[in-house]
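Written below as structure tokens is the structure these notes are about.
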Amino acid sequence: MAGVRLRPIREDDLAALEQGESRAVDPWNWFGFTPGAGRRRRFAENGLLGDGTGTLAVEAPGGELAGSVSWHTVQHGPGTAGAALNIGISLLP
């Protein structure tokens, strides 16, 4: 039996991920409105995998999109030794 896995975001995932980002759908992981084309522009530039930031799809055992895991670098001290990853997960209903 296959388990849940992480994989790169595909273009056909973008619409479902965008629909899952609202105060009504996910009030604990909503940080305000963002430009609608921002994610699509970043996807076109680097597949949502860049230096210090990234997003992977959460795929359910049947192959359907279940959500996303994203991260970005935050500074907790001076220099590169003070850099840490802030990691979050958002699962679709």
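The values are calculated or read from the model by the stated rules, or taken from the named source; none is laboratory data. Keep in mind that what you see is a predicted model, and the values were worked out from it rather than measured. Counting neighbours? That spans all protein chains shown, and the Cβs are built from the backbone with ideal geometry, glycine included. Just the protein is used for accessible areas: all its heavy atoms, side chains included, with ligands, DNA and RNA removed. Shrake-Rupley method; radii C 1.70, N 1.55, O 1.52, S 1.80 Å.
For this structure, a couple of remarks:
- At a probe radius of 1.4 angstrom, the accessible area of region 28-93 per residue rounds to 68 square angstrom.
- Potential lengthening between SER22 and ALA44 on full extension [0.36 nm per residue; Cα-Cα distance subtracted]: 5.6 nm
- Taking only protein heavy atoms and a 1.4 Å probe, the accessible area of the chain is 59% carbon and sulfur.
- Region 1-56 shape via C-alpha gyration tensor axes, a/c threshold 1.5: oblate
- Radius 14 Å from Cβ of GLY20, net charge of other residues (Lys, Arg +1; Asp, Glu -1): -3
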